[in-house]
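*Asks:* One structure is given below, represented as structure tokens, and several questions about it will come after.
The values are calculated or read from the model by the stated rules, or taken from the named source; none is laboratory data. As the structure is a prediction and not an experimental result, all values here were calculated from the model. Glycine also receives a Cβ, built like all others from the backbone with ideal geometry; neighbour counts cover every protein chain displayed.
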Amino acid sequence: MALGVLHCLQRDGLCDEAFIDAYVQGWTELAQDVLQKYTPAYVQDATGVPAAVVEELAAAYGRARAPFIRLGTGLSRYTNGAMTVRLIACLPAAVGAWQHDGGGLMMSTSCSTAFDQSVVTKDEWKKPARRVNMCEIGSALLQTERPIRSLFVYSSNPACTAPDQNQVIAGLSREDLFTVVHERFLTDTARYADIILPATTSLEHDDLYYSYGSYVVGRGKAVIEPLGQCRSNWRVACDLAKAMGIDDPFFHQSEDDLVEALIDSTSSWPVPVDGEALRRGDPVELGLPEQYKLTFGTPSGKIEIRNDRETPAVPDYFPACEEDGDYYFTNGTDPRVLDSSFNERDELTRSRTMVLFMHPDDAARQGFSDGEKVVAWNSRGEALFTLHITDRTAPGQVVSEGLWWIERCPGDRSVNALTSQRLSDKGRGSTFYNVRVNVRKAQQAVLPFGQHKTADKIISDK
């Protein structure tokens, strides 16, 4: 799609040649060697998006005064996700959007870079060790060569949020795995713990907060003492260090001390940060240097459409990994939850969770009725849904919304039973949206969570 729009921009003279000459490296190679074949008709055949829509989008984008693209992380969650993002990033370069107020592209403001993370991570203490990608935690827990013997889980719920749920749960179910979960609620992962440590909420500890979508940062102060035996992540780390005989002043600090150190570390931000306002708890907007939008942090100092450090040097389309299955499967957001957070609320039991949206043509072809129970399945697993037939979903695609704890699901697995541990083409990221499934009518009752033979055995044993 991005290549089709770029084709139209170049064909119709809507590119900003002066901006390209001054600030872009590799536009000529892209235009001459890549864009020629990506006509609107080609894009229609490849994507199903009508050629007229490609033309309309290109015209609107190319003629806009200051076009801006808000790029979410979802597009990166494919086996060709990095290339997809790379190609979309060529669009503002082609029309010179960066030179105009309000124009350009943003995925994340990366406000965390305003603070020196080494203040709290102590990189100099790190020793060479095996590192496990969270996207591959399922297969890592099942490795028989150099097996993982112990697992400490904090600020995470991998039994629900990690891909390939059946493998993750099989790994957590190992009798020889010692699992500690530091949590506020009895999550899917906590049900597999040998020890559960109660964690504080954001009301019970000091912290520093930053944004993905703006340049505002803020300090949060505890408003109540930790309840019962609850301890923060930092407090647990300090207690573990003490138990291990590590008597370093670093572990004698409080959360407040760490926040103060991080605020002091903002001196490396290019524009002075109002540290006193942060200390008071006021929201602070990080300043940006003049001409920051035209200052590109590349070796050439330009937008590098041609990047000789990458393969291929000039971006081009390649298809995502294909799977067997009748439907593309996408899991979107639900306003009642944030990832797997807020599933603890009892009122969720009174509303539908696991709903599968399907286009009427597909439902008619398979003889489905609105509201009936269906099973989405592939080679990795299956999940039970309530079907909702709607033309808001494209033919050939099914959509679910929300990430639900298994106890909130009608069956014994949630949507990540369907997702894959494959990694993206760059950055070793997740490929949650690169999934195909089949759908069938539910022929038999599915056991609720807690009665599944594997989970039941492990929960009762542990």
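*Asks:* Residue by residue through region 289-313, note down the ones that are more than 26 Å from the chain's Cα centre (by Cα) and either assigned by TED's automatic domain parsing to the domain that holds residue 211 or not charged (D, E, K, R) (or both). Reasoning before the result, please.
*Replies:* The first filter runs over region 289-313 and keeps only residues more than 26 Å from the chain's Cα centre (by Cα), leaving 289-292, 294-295, 299-302, 306, 308, 313.
Within region 289-313, 289, 291, 292, 294, 295, 299, 300, 301, 313 meet the criteria.
*Asks:* So in region 420-444, with the set limited to residues that are within 18 Å of residue 156 (Cα to Cα) and out of contact with any Leu (no Cβ under 8 Å at 6 or more places or on another chain), which one is modelled with the highest pLDDT?
*Replies:* Taking region 420-444 and keeping what is within 18 Å of residue 156 (Cα to Cα), we get 421, 429-430, 432.
The next check asks that each one be out of contact with any Leu (no Cβ under 8 Å at 6 or more places or on another chain); those that pass are 421, 432.
Details: 421: 98, 432: 95.
Ranking the candidates gives 421 first.
*Asks:* Just to be sure, is residue 386 in contact with a Lys or Arg (Cβ under 8 Å, 6 or more places away or on another chain), among the hydroxyl-bearing types (Ser, Thr, Tyr), farther than 30 Å from residue 131 by Cα and modelled with pLDDT of 95 or more?
*Replies:* Details: in contact with a Lys or Arg (Cβ under 8 Å, 6 or more places away or on another chain): yes; among the hydroxyl-bearing types (Ser, Thr, Tyr): yes; farther than 30 Å from residue 131 by Cα: yes; modelled with pLDDT of 95 or more: yes.
It is true that residue 386 is in contact with a Lys or Arg (Cβ under 8 Å, 6 or more places away or on another chain), among the hydroxyl-bearing types (Ser, Thr, Tyr), farther than 30 Å from residue 131 by Cα and modelled with pLDDT of 95 or more.
*Asks:* Still on this structure, I have one more. Could you check residue 310 against (1) in a loop (DSSP other than H, G, I, E, B); (2) surrounded by 15 or more Cβ atoms within 10 Å (Cβ to Cβ) and say which number it fails?
*Replies:* Result: residue 310 passes all but (2).
*Asks:* Among the numbered criteria (1) surrounded by 18 or more Cβ atoms within 10 Å (Cβ to Cβ); (2) modelled with pLDDT under 95, which one does residue 399 miss?
*Replies:* (2)
*Asks:* Could you say which residue among 105, 172, 203, 177 is over 30 Å from residue 2 (Cα atoms), without any contact (Cβ under 8 Å) to a residue 40 or more places away in the chain and surrounded by 15 or more Cβ atoms within 10 Å (Cβ to Cβ)? Outline the logic, then answer.
*Replies:* Numbers: 105 fails: over 30 Å from residue 2 (Cα atoms); 172 fails: without any contact (Cβ under 8 Å) to a residue 40 or more places away in the chain; 203 fails: surrounded by 15 or more Cβ atoms within 10 Å (Cβ to Cβ).
Unique residue meeting the criteria: 177.
*Asks:* For region 288-347, which residues satisfy the criterion of being small (Gly, Ala, Ser) and under 25 Å from residue 381 (Cα atoms)? Working first, answer last.
*Replies:* Filtering region 288-347 down to residues small (Gly, Ala, Ser) leaves 297, 300-301, 313, 320, 325, 332, 340-341.
Answer for region 288-347, where residues must be small (Gly, Ala, Ser) and under 25 Å from residue 381 (Cα atoms): 320, 325, 332, 340, 341.
*Asks:* Here is a check on your reading of the model: is residue 43 out of contact with any Pro (no Cβ under 6 Å at 6 or more places or on another chain), surrounded by fewer than 17 Cβ atoms within 10 Å (Cβ to Cβ) and under 30 Å from residue 333 (Cα atoms)?
*Replies:* No; evaluated as a whole, the condition is false for this residue.
*Asks:* Separate question: Under 6 Å by Cβ, and 6 or more places apart or on different chains, what pairs join a residue from region 124-135 that is part of a loop (DSSP other than H, G, I, E, B) with one that is basic (Lys, Arg)?
*Replies:* Short answer, once both residue conditions are applied: 133/428.
*Asks:* Further, regarding this structure: Contact list please: Cβ distance under 9 Å, first residue in region 45-61 and outside the structural domain of residue 94 (by TED's automatic domain parsing), second residue surrounded by 13 or more Cβ atoms within 10 Å (Cβ to Cβ) and assigned to a helix (DSSP H, G or I), pairs at least six apart or on different chains.
*Replies:* none
*Asks:* Residues that are more than 26 Å from residue 297 (Cα to Cα) and not hydroxyl-bearing (Ser, Thr, Tyr): which helices (runs of 4 or more DSSP H) entirely in region 1-64 hold 3 or more of them? Steps first, please.
*Replies:* Numbers: elements: 2-11, 17-23, 27-33, 40-47, 51-63.
So the answer is 2-11, 40-47, 51-63.
*Asks:* Here's a follow-up. Which residue is nearest to residue 166 (Cα to Cα), if the candidates are limited to region 382-406 and must be in contact (Cβ under 8 Å) with a residue 60 or more places away in the chain and in a strand (DSSP E or B)?
*Replies:* Restricting to residues being in contact (Cβ under 8 Å) with a residue 60 or more places away in the chain and in a strand (DSSP E or B), the top hit is 384.
*Asks:* While we're on this one: Taking the residues in region 317-375 that are among the hydroxyl-bearing types (Ser, Thr, Tyr), in a strand (DSSP E or B) and under 19 Å from the mean Cα position of the chain (by Cα) as candidates, determine which candidate is surrounded by the fewest Cβ atoms within 10 Å (Cβ to Cβ). Break it down stepwise before answering.
*Replies:* Keep residues of region 317-375 that are among the hydroxyl-bearing types (Ser, Thr, Tyr), which gives 317, 327-328, 330, 333, 340-341, 349, 351, 353, 369.
Subsequent filtering for residues that are in a strand (DSSP E or B) retains 327-328, 330, 341.
Then keep just the ones that are under 19 Å from the mean Cα position of the chain (by Cα); that gives 328, 330, 341.
Numbers: 328: 16, 330: 20, 341: 14.
Only one residue tops the list, namely 341.
*Asks:* Among residues belonging to region 228-251 that are touching a Pro at 6+ places or on another chain (Cβ under 8 Å) and surrounded by fewer than 16 Cβ atoms within 10 Å (Cβ to Cβ), point out the one that is nearest to residue 199 (Cα to Cα).
*Replies:* The extreme case among them is 229.
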